[in-house]
1. Can you find even one residue in the stretch 130-139 that is hydroxyl-bearing (Ser, Thr, Tyr), assigned to a strand (DSSP E or B), at negative phi and touching a His at 6+ places or on another chain (Cβ under 8 Å)?
2. Tell me, which helices (runs of 4 or more DSSP H) lie completely within the stretch 14-66 with 1 or more residues that are within 15 Å of the chain's Cα centre (by Cα)?
3. Taking only pairs six or more apart or across chains, which ones have beta-carbon atoms under 6 Å, a first residue in the stretch 23-37 that is surrounded by fewer than 14 Cβ atoms within 10 Å (Cβ to Cβ), and a second residue that is assigned to a helix (DSSP H, G or I)?
4. When the stretch 10-22 is examined, which residues are found to be open to solvent by less than 70 Å² (accessible area, probe 1.4 Å) and either within 25 Å of Ile103 (Cα to Cα) or touching a helix residue (DSSP H, G or I) at 6+ places or on another chain (Cβ under 9 Å) (or both)?
Amino acid sequence: MILFSSYHRVLGLVYKDERLQQLDSIPQFQSHSSVLTKMYLNRIVQKQELEQFESSLADHQKAIMADGLTIVERGVLEHNMVAVSHLYTSIYFSQLGDLLGVIDGEKAEKVAAKMITDGSLTGSIDEMEGLLYFHPSATNESSLLRWDETITTFCGQLNKVTDAVRAS
């Protein structure tokens with residue numbers, strides 16, 4: 001609860017800061033305002049927005065992980081999965097892959113399974129039908145807290161990669 005409150009408060013402060021909109025006037029940071037706003041409002045970040053955001057990152061921040069995704073792609077993918085869970089009660093994995101715009105249905109199923117296992121997404125999988133069922137928790141705070149922990153882990157991994165590159 002404390003992690004969620006702190007994270008949400010800081011994100012809210014940045015979101016409400018008028019300087020955030022000034023980033024749109026700087027060509028290399030134009031997507032940052034949009035991505036941050038969508039994350040704060042728990043909306044889906046589109047593939048082209050992610051690509052534009054990633055184009056402003058340094059090479060070491062684009063390191064590809066074992067699953068074939070960059071750290072940023074993984075974080076946005078998990079964010080989008082949570083955002084989709086607020087819009088749908090169930091969805092076919094083929095549609096989910098299309099909606100997420102980054103992966104195919106098979107990868108969408110693997111990511112969903114991992115997130116359900118980790119507790120960052122509440123749902124169940126019907127492998128026979130190729131469906132993901134979302135189970136809203138009693139409170140959104142608990143799922144958002146788990147999502148916050150995922151983002152915290154993501155930031156920690158990003159720092160490790162940055163430190164490793166600097167040490168090289």
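The values are calculated or read from the model by the stated rules, or taken from the named source; none is laboratory data. Remember, predicted model here, so these are calculated numbers, not experimental data. Please note: Cβ atoms are built from the backbone with ideal geometry, for glycine as well, and neighbour counts cover all protein chains shown. What goes into the accessible areas is simple: the full protein's heavy atoms, side chains included, and nothing from ligands, DNA or RNA. Shrake-Rupley method; radii C 1.70, N 1.55, O 1.52, S 1.80 Å.
1. Of all residues in the stretch 130-139, those hydroxyl-bearing (Ser, Thr, Tyr) come to 133, 137, 139.
Still in the list and also assigned to a strand (DSSP E or B): 133.
From what is left, the residues that are at negative phi are 133.
Those still in the list that are touching a His at 6+ places or on another chain (Cβ under 8 Å) too: none.
Looking for residues that are hydroxyl-bearing (Ser, Thr, Tyr), assigned to a strand (DSSP E or B), at negative phi and touching a His at 6+ places or on another chain (Cβ under 8 Å), one finds none in the stretch 130-139, hence no.
2. Values: elements: 19-22, 30-40, 47-55.
Filter on the stretch 14-66 gives 30-40, 47-55.
3. Note: pairs meeting the criteria are Asp24/Gln30; Asp24/Ser33.
4. Of the stretch 10-22, the ones open to solvent by less than 70 Å² (accessible area, probe 1.4 Å) are 11-12, 14-15, 17, 20.
Leu11, Gly12, Val14, Tyr15, Leu20, listed by residue number.
Table: residues versus (1) among the aromatic types (Phe, Trp, Tyr); (2) exposed (fewer than 14 other Cβ atoms within 10 Å of the Cβ); (3) not in a helix (DSSP H, G or I).
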{"site": "Glu73", "(1), (2), (3)": "no, no, no"}
{"site": "His79", "(1), (2), (3)": "no, no, no"}
{"site": "Ile91", "(1), (2), (3)": "no, no, yes"}
{"site": "Ser94", "(1), (2), (3)": "no, no, no"}
{"site": "Gly97", "(1), (2), (3)": "no, no, no"}
{"site": "Ser124", "(1), (2), (3)": "no, yes, yes"}
{"site": "Thr153", "(1), (2), (3)": "no, no, no"}
{"site": "Asn159", "(1), (2), (3)": "no, yes, no"}
